[in-house]
Amino acid sequence: MKIFLIIPTLKQGGAERVMSELANELAKLNHEVFLILLVKANDFYNVEPTVKVHRLDFKNKGGIRKIIDEIKILRKLRKMFKENRPDTTLCFMHQYNILTIVASRFLNLNIFISDRDNPKRKQTFLISFLKKCTYRYATGIVAQTTMAKEMLSKFTGNKNIKVIPNPLRDVQLFPDIKRDKIIVSVGRLVPEKGHTLLLESFHELNMLDWKLVILGEGPMKGILKRKAMELNIDDRVHLLGAVTNVDEWLARSSVFAFTSLSEGFPNALIEAMAAGLPCVSFDCDSGPRDIIKNGENGFLVPLKDYTEFTNKLRLLIEQPLLRESIGIKATEIRERLNKRTIISEFIDFIKI
């Protein structure tokens, strides 16, 4: 098949990783793959040499210039559709899904799209209106979670929607590393990741021989440092920034804490589970409830209830056998979200 894969960039990110892996797997299966990158940016992920990469170089400078550039990109994309007549197309990200559907109108093409964020995330009136007008014309939609599928079906009227979660990346295991008294969390230091509540929970836990390690960079770093000082836990809280050895930290830690308030599909959570960590997660609108079976392979806690979050952390800390059993059960995610399995689901869905 001749396949178009469309995404803004291949910079570091969950959607970009999935798209690069899709491109590579499709190329290995001898499909003719066109990877169309809409926005000018440096690549983080690599693709197979046989993948035909096209860069449309949208600069997204804002104002009237942005509108002019969007029209140019739309025309370039429509020209590519007419000249190449792909058998099927898959696009990621709502703004560019709209652009792709508009560019392909009346060309009788198979267009599949996928949003890659929280389905309840507030969008501008214009984006919401354009999604409602265009998504119904997609051949099919990939949703990351059951809630996303339900909301998209109701909002767009499109009935060909399939839930396909993110594939798990290859998490490196370190069997020789001994687990320490560390609670670890991974995520950007932004308000929606709920790290302030995590600090409150760790303070309430009051386990003086345990440490909290937070991996990730972001604008809230200074605020979180000050908060840790106010709570008098700064000697046991380590904000290490963006590190290259995340998997090593997962191997060294004993519990994973996930206080995100809003998610599309939480890669950090599934990676921690793959590393054999028992996880405590807020039951935010979308994501964790599709991954964790409460009390079996992890714990789900009502959103923002940091007291209950603390109780579950304490339970895991005080019961090492429970820690171990839940951690072992969590590793089943490796098979469930195996890369080849998930990529095959994508391929089966978009094949016409």
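Between V102 and M229, residue separation times 0.36 nm minus the direct Cα-Cα distance comes to 40.5 nm.
Taking amide H as placed 1.01 Å from N in the peptide plane, the amide H of T88 sits under 5 Å from that of K2, F4, each at least 5 places away or on another chain.
Peptides 182-190, 312-320, 44-52, ordered by how many other C-beta atoms sit within 10 Å of their residues on average, highest first, read 182-190, 312-320, 44-52. Taking label points 7 Å from Cα along the Cα-to-Cβ direction, D43 and T244 give a separation of 2.0 nm. Straight Cα distances below 12 angstrom link K339 to the aspartates and glutamates E21, E25, D170, with same-chain residues fewer than 8 positions distant left out.
Histogrammed with a bin width of 5 Å, the alpha carbon distances of the stretch 149-207 distribute as 4, 11, 11, 12, 12, 17, 14, 8, 7, 5, 1 percent, first bin at zero. Note on M1, M80: ascending count of other Cβ atoms within 10 Å places them as M1, M80, the fewest first. Residues in the stretch 147-169, backbone N under 19 Å from the label point at T331 (7 Å along the Cα-to-beta-carbon vector): list them, ranges by number please. What the label zone holds, given the 19 Å backbone N cut-off, is 168-169.
Cross-link partners of K312 among lysines, defined as those whose alpha carbon lies under 26 angstrom from its own and excluding same-chain residues fewer than eight positions apart: K178, K181, K193, K211, K221, K225, K227, K293, K304, K329.
Calculated from DSSP H runs of 4 or more alone, at -39500 (n - 2.57) each and per residue, what is the 222 nm mean residue ellipticity of the chain, nearest 500?
Rounded to the nearest 500, the figure is -12500 deg cm²/dmol.
With one equal scatterer per alpha carbon and no solvent term, the Debye-computed log10 I(q)/I(0) for the stretch 182-336 at 0.14, 0.15 1/Å reads -0.60, -0.69. Once the Cα-Cα distance is subtracted from the 0.36 nm per residue extended length, the L322 to T50 segment shows a gain of 93.1 nm.
Among the listed values (i) 21.5, 66; (ii) 25.0, 94; (iii) 19.2, 59, the one computed from these coordinates for Rg and Dmax of the Cα atoms in Å is (i). With neighbour counts taken as other beta-carbon atoms within 10 Å, the residues E70, E25, E335 rank, fewest first, as E335, E70, E25.
Using a cut-off of under 15 Å, list every residue of the stretch 59-99 whose amide N is near the label point 7 Å from the Cα of C133 along the Cα-to-beta-carbon line. Residues 71, 95-99 fall inside that zone.
Among F174, F309, F282, F81, the ranking by other beta carbons within 10 Å of each residue's beta carbon, starting with the fewest, stands as F174, F81, F282, F309.
Every read-out reported here was derived from the displayed coordinates using simple, explicitly stated rules and does not represent laboratory data. Just so it is clear, the model here is predicted, and its values are computed rather than measured. Using ideal geometry, Cβ is built from the backbone for each residue, glycine included, and neighbour counts are taken over all protein chains shown.
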